[in-house]
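Novice: One structure is given below, represented as structure tokens, and several questions about it will come after.
Every number in this text was worked out from the coordinates using simple rules, so none of it is lab data. Quantities reported herein were computed from a predicted structural model and do not represent experimental measurements.
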Amino acid sequence: MAAELSVDVPRGRGAPAVARKLARARFEQELPVRHLDDLLVIVSELTSNAVLHGAGDIRLRVSVENGRVYGELIDEGSSHVWFELSRHAEGEAVDPELGTHQRPPQLG
């Protein structure tokens, strides 16, 4: 069963901190520290970008299933960004994949 978070993040200067706090509270028991730290950095950066460059309401959605983390940040502008984290060997580089055709089906 997947652990999920779907929450509106109040727009403003404190939005990245709020998003990190919500993600940490939901997933600190679900993820190893290294993966939780990666998730928090991504959530913070995407939320910052939505505040600076987006418009309207901000929604954060994250799902953890079978050791993988799927997430997206949506606002009412053109800022709809998704991400996927998986467990890789220490130091193994993974290239980003872009586009709606690559969006994980776990995001619905």
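Novice: Starting from the amide H of residue 83, placed 1.01 Å from N in the peptide plane, find each other amide H under 5 Å away whose residue is 5 or more places distant or on another chain.
Specialist: HN-HN under 5 Å from residue 83: 71, 72.
Novice: Oh, and also: So how much slack lies between residue 28 and residue 6, counting 0.36 nm per residue of separation and subtracting their Cα-Cα distance, in nm?
Specialist: Contour length minus the Cα-Cα distance gives 6.3 nm.
Novice: What are the ³J(HN,Hα) couplings of the range 7-23, residue after residue, when phi is run through the Karplus curve with 6.51, -1.76, 1.60 and θ = phi - 60°? Round to Hz, x for glycine and proline.
Specialist: For the range 7-23, the Karplus-derived couplings read 8, 7, 10, x, 5, x, 4, x, 4, x, 5, 5, 4, 4, 4, 5, 5 Hz, x marking Gly and Pro.
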